[in-house]
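One structure is given here, and the rest of the page talks about it.
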Number of protein chains: 2
Amino acid sequence: MGFREHLEAVVSSVNGSVVCSLVGFDGIAVDTHQPDARAEDAAAIDLSSALTEYGNLLGQLKATAQTLKTGAVGEMSVNTEKVITIMRMVNQEYYVVLALLPEGNYGKGRYALRLAAPKLAKELL
Amino acid sequence: MGFREHLEAVVSSVNGSVVCSLVGFDGIAVDTHQPDARAEDAAAIDLSSALTEYGNLLGQLKATAQTLKTGAVGEMSVNTEKVITIMRMVNQEYYVVLALLPEGNYGKGRYALRLAAPKLAKELL
């Protein structure tokens, strides 16, 4: 399986998924699965800029983890009126992000990313 | 009921709670309930600096919400090896934050903050 298959597996297993991406901390997406662009349009959200912003925050957290003594950051989520975003570290250079509609299955999304992250890490080797 | 009672209600209803605070976006905590300081010691975490850092990130998110067109930020969480942190907006000036041990009940924590936020908002009027 490649990156895309793992991203598709996340999206297909989680109700309300809008997009799932494997992204580097340099801000560049390695691969993205967005099953239905209309979902983004319907929610009238500009996901790409939001996801970039959230990725920056996750990068800041990663950088401060050593200072904060709370251990490595595993996961971060940001829930706004129009979109739920869950990010999970894949390794020190990459993270996987899943955006859901507000009515999407948040718990299932976290679970799917927890399963996908080590698989994506293997593909990146 | 005052701030403290609402914070105590959150902590007592969520397994694994370490501390619950009502904090302003100026970084100053209005009130804090920490039932057992040993829990923080046991986890060897420096929560106060971590929570300050996370609060800064939530403030950044709040500031960019207009630009991002994803709607107002309602909730943010950061999960590290040693602590789960859930933050929920109370109003434009304050948020409530709950720190849990990694084995704590994350779903119940989110639920408890969702209930507490409007009650805290009323106290702030």
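Read-outs: derived from the displayed coordinates by stated rules, not from any lab. Please read these numbers as outputs of a predicted model, since none were measured by experiment. Counting neighbours? That spans all protein chains shown, and the Cβs are built from the backbone with ideal geometry, glycine included.
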* Asked: So how do B:6-13, B:103-110 stack up, highest first, on mean other-Cβ count within 10 Å?
  -> B:6-13, B:103-110
* To do: Treat every Asp and Glu Cβ in chain B as -1 and every Lys and Arg Cβ as +1, leave all other atoms uncharged, and give the resulting dipole magnitude about the Cα centre to the nearest 20 debye.
  => 540 debye
* Asked: In nm, to one decimal, how far is the modelled label at B:E123 from the one at A:L124, with both set 7 Å along Cα→Cβ?
  -> 4.1 nm
* To do: Can you bin the protein assembly as shown into rounded, prolate or oblate? Criterion: square roots of the alpha carbon gyration tensor eigenvalues sorted a ≥ b ≥ c, rounded for a/c under 1.5, prolate for a/b above b/c, oblate for the rest.
  => prolate
* Asked: How much length is gained on full extension from B:S49 to B:L115, taking 0.36 nm per residue of separation minus their Cα-Cα distance?
  -> 21.1 nm
* Would you mind giving the mean number of other chain beta-carbons within 10 Å of the Cβ of each residue in A:60-69, as a whole number? => 5
* Asked: Expressed as cubic angstrom per residue, what is the convex hull volume of the alpha carbon set of segment A:3-124?
  -> 95 Å³
* Structure fact -> The answer for chain A, counting only DSSP H helices whose Cα atoms cover 20 angstrom or more along the axis and whose Kyte-Doolittle average is -0.5 or greater, is A:47-68, A:106-124
* **Pair A:E81, B:D36: separation of 7 Å Cα→Cβ label points (nm)** => 4.1 nm
* **Packing-based order for A:52-64, A:76-88, using average beta carbon neighbours within 10 Å, highest first** => A:76-88, A:52-64
* May I ask for the distance between the Cα centers of segment A:53-74 and segment B:58-78, given as a whole number of Å? => 17 Å
* Structure fact -> Within 10 Å of the Cβ of an average residue in B:49-59, the count of other chain Cβ atoms is 4
* Asked: How many nm is it between the label spots at B:Q92 and A:I28, if each spot is 7 Å from the Cα in line with the beta carbon?
  -> 4.1 nm
* To do: May I ask you to report, in nm to one decimal and beginning with the shortest, the distances from A:T67 to the same position in the other copies, taking label points 7 Å along Cα-to-Cβ?
  => 2.1
* Structure fact -> Shielding of B:81-92 by other chains, given as the mean Cβ count within 10 Å, works out to 2
* Asked: Using a label position 7 Å from Cα in the Cα→Cβ direction, what is the ascending list of nm distances from B:T32 to the same site in the other copies?
  -> 4.1
* Structure fact -> Note to self, the protein assembly as shown gives a 222 nm [θ] from helices alone (DSSP H runs n ≥ 4, -39500 (n - 2.57) apiece, / all residues, nearest 500) of -15500 deg cm²/dmol
